[in-house]
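Read through the structure below, which is laid out as structure tokens, and then see the notes.
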Amino acid sequence: MMTPWGYDAENLTPIISENEFNAVTNYAFADNPRTYAAILAASQAIRNYCGWHICPSVSCTAYPVGGAVVAKLPAGYVSAITRITEGGTTLTADEYEWRRDGLIKRAYPYRWSDKWDGIEVKYMAGYEANAVPDLVEAVCAITAGVLSVSAGVISESADGVSISYSQSASSIAAGLTAQQKAALEAYKVVNAHGA
């Protein structure tokens, strides 16, 4: 599945499950039918801010921008490179190096192809939820905030005809606070793919 962050990710799920959310919040929202939608909206808001899926670890395919010795995958944590193809040829492990922060380096004296989609990288990226408790807490806090706001009309006027509605799960989650953004800085990926 193509992500909004410029790469394919297989079997991408929300950052946490409904069961994980219920366990963290002591089942305070267990009967709320909006829980899954709120978790999904919170996960998406966090991922959009950070520029990649973050959690869980999934198989990905990216086409990084080449032309130099080093290229960057759209990931903050890569656990494995399963295959790199350049110009239709699969490279051997001694033709490149990679780091867990998503940097891939072409073996000396070569540079990566500068053709659009000239490099295809298949890799495993993302953290497991138990490795990122602060991220899990952020998703839970945003989700709980969304679920604490009741849906529907929150104010009315008569002669001036003014009606206000409560925010939807997606609009609340999309408005991350400065404190939440600061907590997410460690997971943010910058300049991972060309525009």
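Here's the yes/no breakdown for (1) touching a residue at least 24 places away in the same chain (Cβ under 8 Å); (2) hydrophobic (A, V, I, L, M, F, W, C); (3) over 24 Å from Gly145 (Cα atoms); (4) in contact with a strand residue (DSSP E or B) (Cβ under 8 Å, 6 or more places away or on another chain):
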| residue | (1), (2), (3), (4) |
| --- | --- |
| Met1 | no, yes, yes, yes |
| Pro14 | yes, no, no, no |
| Glu18 | no, no, no, no |
| Thr35 | yes, no, no, no |
| Cys50 | yes, yes, no, no |
| Tyr63 | yes, no, yes, yes |
| Pro74 | yes, no, yes, yes |
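Test Ala151 against the stated conditions and say whether it is at pLDDT below 75 and either in a helix (DSSP H, G or I) or on the phi > 0 side of the Ramachandran plot (or both). Can you show your working first?
Working: at pLDDT below 75: yes; either in a helix (DSSP H, G or I) or on the phi > 0 side of the Ramachandran plot (or both): no.
Considered against the rule, which asks whether it is at pLDDT below 75 and either in a helix (DSSP H, G or I) or on the phi > 0 side of the Ramachandran plot (or both), Ala151 comes out as no.
So which residues in the range 76-118 are among the charged types (D, E, K, R) and free of Cβ contacts under 8 Å to residues at least 24 places away in the same chain?
Here is the first cut: in the range 76-118, the residues among the charged types (D, E, K, R) are 83, 86, 94-95, 97, 99-101, 105-106, 111, 114-115, 117.
Scanning the range 76-118 gives Asp94, Glu95, Glu97, Arg99, Arg100.
Report yes if some residue within the range 123-143 is at positive phi and either touching a Leu at 6+ places or on another chain (Cβ under 6 Å) or at pLDDT 95 or above (or both); otherwise report no.
Pass one, the range 123-143, residues at positive phi: 126.
Cutting the leftovers down to either touching a Leu at 6+ places or on another chain (Cβ under 6 Å) or at pLDDT 95 or above (or both) gives us 126.
Yes, some residue in the range 123-143 is at positive phi and either touching a Leu at 6+ places or on another chain (Cβ under 6 Å) or at pLDDT 95 or above (or both).
Do we have any residue at all in the range 39-50 that's of a type in the set (Phe, Trp, Tyr) and either farther than 26 Å from Glu86 by Cα or crowded, with 24+ Cβ neighbours inside 10 Å (or both)? Before the answer, list the steps.
Keep residues of the range 39-50 that are of a type in the set (Phe, Trp, Tyr), which gives 49.
From the residues that got through so far, the ones that are either farther than 26 Å from Glu86 by Cα or crowded, with 24+ Cβ neighbours inside 10 Å (or both) too are 49.
Yes.
Using beta carbons and a limit of 7 Å, which pairs, at least six apart or on different chains, have the first residue in the range 119-148 and over 21 Å from Thr3 (Cα atoms) and the second one basic (Lys, Arg)?
Going by the 7 Å Cβ cut-off, the qualifying pairs are Leu147/Arg34.
Can we say Pro14 is at pLDDT 95 or above, farther than 30 Å from Trp112 by Cβ and not β-branched (Val, Ile, Thr)?
Working: at pLDDT 95 or above: yes; farther than 30 Å from Trp112 by Cβ: yes; not β-branched (Val, Ile, Thr): yes.
So Pro14 fits the description; yes.
The values are calculated or read from the model by the stated rules, or taken from the named source; none is laboratory data. These numbers were taken from a predicted model, which means no experiment stands behind them. As a convention, Cβ positions derive from the backbone with ideal geometry for all residues, glycine included, and neighbour counts pool all protein chains shown.
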